[in-house]
Amino acid sequence: VLPGIWSIMLTWSEVLKAAYNQLTSLLDTLSSSAAHFIRCVVPNYERVPGKIDGPLVLNQLRYVLLLSSQIL
């Protein structure tokens, strides 16, 4: 075995250990928290400022409420 191989193996071992520790920490943080979402409502398909398509907005809000009730 070449002397340089051991230093490369130790380096990779340290990198993998650090990555594993960081991933474990991230998963612990994610599992102990609750997800929060912001839902966007499209006011109109034409992307015209100040124009609100009532039925389109109402349909989106109904869907959001239905989806929220299914999650709870």
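The values are calculated or read from the model by the stated rules, or taken from the named source; none is laboratory data. Everything quoted here is computed from the prediction, not taken from an experiment. Here the Cβ positions follow ideal geometry from the backbone for every residue, glycine too, while neighbour counts run over all protein chains shown.
Give region 48-72 a look and list any residue that's among the small types (Gly, Ala, Ser) and in a helix (DSSP H, G or I), or say none. Step through it out loud before you land on a result.
We begin by selecting, within region 48-72, every residue among the small types (Gly, Ala, Ser); these are 50, 54, 68-69.
Listed by number, the residues that qualify are 54, 68, 69.
Out of everything in region 20-47 that is part of a loop (DSSP other than H, G, I, E, B) and at pLDDT 95 or above, what residue ends up being farthest from residue 68 (Cα to Cα)? I'd like the intermediate steps shown before the answer.
Applying the first criterion (part of a loop (DSSP other than H, G, I, E, B)) to region 20-47 yields 32-47.
Checking which are at pLDDT 95 or above leaves us with 42-46.
Working: 42: 18, 43: 20, 44: 23, 45: 24, 46: 27 Å.
Looking at residues that are part of a loop (DSSP other than H, G, I, E, B) and at pLDDT 95 or above, I get 46.
Of all residues in region 32-64, count the ones that are surrounded by 10 or more Cβ atoms within 10 Å (Cβ to Cβ) and not charged (D, E, K, R).
The number of residues fulfilling the criteria is 14.
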